[in-house]
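The structure under discussion appears below in the form of structure tokens.
The values are calculated or read from the model by the stated rules, or taken from the named source; none is laboratory data. The shown structure was predicted, so the numbers you read here are calculated from the model rather than taken from an experiment. No Cβ is skipped: glycine too gets one built from the backbone with ideal geometry, and neighbour counts run over all protein chains shown.
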2 protein chains.
Amino acid sequence: MATAELKKQRGRPSNFDHDEALEKALHVFWKRGYEGASMTELTKVLGINRPSIYAAFGNKEELFRKALEKYLKGPVAYAAEAMQQPTARLSMEMFLTKSAAALSSPGTPRGCLMVQGALSCGPGAKLIQQELASQRRYHEEIIRKRLEQAKTLAELPQDLNSAALAKYISAVQQGMSVQATSGASEAELLSIAELALRNWPEKRPSS
Amino acid sequence: MATAELKKQRGRPSNFDHDEALEKALHVFWKRGYEGASMTELTKVLGINRPSIYAAFGNKEELFRKALEKYLKGPVAYAAEAMQQPTARLSMEMFLTKSAAALSSPGTPRGCLMVQGALSCGPGAKLIQQELASQRRYHEEIIRKRLEQAKTLAELPQDLNSAALAKYISAVQQGMSVQATSGASEAELLSIAELALRNWPEKRPSS
DNA sequence: GCATTTTATTACCTTACGGTATAATAATCA
DNA sequence: TGATTATTATACCGTAAGGTAATAAAATGC
């Protein structure tokens, strides 16, 4: 896989970089939401004509899904990485701290695509809405699993409700997303994160 | 003001109740968001013809603003009421507890209009987006003031950062809104609220 | 009764939406 | 050079968006 396939392509060469275009599309969807992003704006930002976009990415929905994929693998990759910290406590700290930075990063739109991409919408965006909800659930789930793991390792008390705690952490992060959308600074988001973790459950001796 | 003005009106009488119609419009906006709610759907749900809606409420934006007003005075009135509890702690508890109930109430759309009404949007909804952000800030502000009040009454420590704590409480409630939108039950929302308040700042003797 | 006022109804306007047919262009293959 | 292939560019499609003109209908005032 390291040796690039250099077989010359047959037809007229593409004028744009596929990945760059997807990155730009991601930024538009991120800022506007799925419904709020029009194909006209997308063509202007990507600098690609409409038929070329459709040829390269399918339709608006597929373009969004591919942009979302890029989003999950890029700006949101820290979430899964955070779960690999040596303790659950550190994992949660890193998750919320990196969230604060990502949600207010100067080079990207504010907030979280999974939250503001299609929180409520018309009938035509229902599938996207479901996809985003599913992704939010997935991230809540990896948090829950990290907490469960900490329970088996006796880092956290056995009677801890890890599902509830994971929901709480997720909710805080999603609330931070809303705050970021309306302009909260990284420092403000960080102080939310800090307050959210003050009540970390102490380990009590099991039985 | 108690004696109803019964002066007969001159023209053809209205076929619909103004306030009922506004309530229905509120539910559509609440479920769909500002952009996701089409005038066509609104006419169908309200059971009123298009020109009658425009005559009664102005245009789509004004209709939304009036529906939002009704929302703030109705389903969200608990927020301001909660701030009148005898202690700040009780105020915050009541705020989040009532939020859990309101955000998952069976008779209304799930989630919060202030959050999902226009979190991200196209250029045409920018003013509504700003209005909703402003309302969220307002609610954060009444929380902050309640905390400040508790500081002057020595219920809370003098060095407490009430702005940060208010932001945290707001973020939790907004996160609960997101969770509610994707189907969280009242019990699940309540457990988020409970976890959020575990870390309530203890009073330390001042100076 | 008749004029007046207000609403309801029908039909329509302009604009923007997502999506495409068609043809021109630029490369490789033979 | 010519045939082939894939991507550009222009122009357009049908539909739905928000909003309105024009007219019919139902009440009051005289």
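Looking at (1) assigned by TED's automatic domain parsing to the domain that holds A:Leu153; (2) within 16 Å of DNA strand D (Cβ to nearest atom), can you tell me which one A:Met83 breaks?
(2)
Identify the single condition in (1) surrounded by 13 or more Cβ atoms within 10 Å (Cβ to Cβ); (2) in a helix (DSSP H, G or I); (3) away from DNA strand C (no atom under 16 Å from the Cβ); (4) free of Cβ contacts under 8 Å to residues at least 24 places away in the same chain that B:Glu93 does not satisfy, given that it satisfies every other one.
(4)
Out of contact with any strand residue (DSSP E or B) (no Cβ under 7 Å at 6 or more places or on another chain), in contact (Cβ under 8 Å) with a residue 24 or more places away in the chain, within 16 Å of DNA strand C (Cβ to nearest atom) and closer than 22 Å to A:Leu119 by Cβ: is that true of B:Leu63 in this structure? Spell out the reasoning first.
Values: out of contact with any strand residue (DSSP E or B) (no Cβ under 7 Å at 6 or more places or on another chain): yes; in contact (Cβ under 8 Å) with a residue 24 or more places away in the chain: yes; within 16 Å of DNA strand C (Cβ to nearest atom): yes; closer than 22 Å to A:Leu119 by Cβ: yes.
Yes: the conditions hold for B:Leu63.
Name the residue that is farthest from B:Ser182 (Cα to Cα), counting only residues in segment B:20-55 that are in contact (Cβ under 8 Å) with a residue 40 or more places away in the chain and more than 14 Å from chain A (Cβ to nearest Cβ). Explain how you work it out, then say what you get.
Here is the first cut: in segment B:20-55, the residues in contact (Cβ under 8 Å) with a residue 40 or more places away in the chain are B:22-23, B:25-27, B:29-31, B:33-35.
Applying the additional criterion that residues be more than 14 Å from chain A (Cβ to nearest Cβ) yields B:22-23, B:25.
Details: B:Leu22: 25, B:Glu23: 23, B:Ala25: 22 Å.
Result: B:Leu22.
Looking at segment B:96-119, which of its residues are more than 10 Å from chain A (Cβ to nearest Cβ), under 19 Å from B:Ala25 (Cα atoms) and assigned to a helix (DSSP H, G or I)?
Selection gives B:Ala102, B:Leu103.
How many residues, within segment A:141-157, are away from chain B (no Cβ under 14 Å) and not β-branched (Val, Ile, Thr)?
Of the residues in segment A:141-157, 9 are away from chain B (no Cβ under 14 Å) and not β-branched (Val, Ile, Thr).
Considering segment A:29-46 alone, what residues qualify as being away from DNA strand C (no atom under 11 Å from the Cβ) and out of contact with any helix residue (DSSP H, G or I) (no Cβ under 8 Å at 6 or more places or on another chain)?
Residue satisfying the conditions is A:Lys31 alone.
Tell me, please, whether a residue that is among the β-branched types (Val, Ile, Thr), surrounded by fewer than 18 Cβ atoms within 10 Å (Cβ to Cβ) and over 24 Å from the mean Cα position of the chain (by Cα) can be found in segment A:46-54.
no
Kindly indicate whether A:Pro123 is buried (at least 19 other Cβ atoms within 10 Å of the Cβ), out of contact with any Leu (no Cβ under 7 Å at 6 or more places or on another chain) and within 11 Å of chain B (Cβ to nearest Cβ).
no
In segment B:163-186, what residues are within 10 Å of chain A (Cβ to nearest Cβ) and polar (S, T, N, Q)? Explain how you work it out, then say what you get.
Narrowing segment B:163-186 to residues within 10 Å of chain A (Cβ to nearest Cβ): B:163-165, B:167-184.
Once the filter is applied, which keeps residues that are within 10 Å of chain A (Cβ to nearest Cβ) and polar (S, T, N, Q), segment B:163-186 yields B:Ser170, B:Gln173, B:Gln174, B:Ser177, B:Gln179, B:Thr181, B:Ser182.
Only one of A:Leu197, A:Leu189, A:Leu160 is touching a residue at least 40 places away in the same chain (Cβ under 8 Å), more than 9 Å from every other protein chain (Cβ to nearest Cβ) and more than 14 Å from the chain's Cα centre (by Cα). Can you tell me which?
A:Leu160
Looking at segment B:120-157, which of the residues that are assigned to a loop (DSSP other than H, G, I, E, B), hydrophobic (A, V, I, L, M, F, W, C) and in contact (Cβ under 8 Å) with a residue 60 or more places away in the chain is farthest from DNA strand C (Cβ to nearest atom)?
B:Leu156
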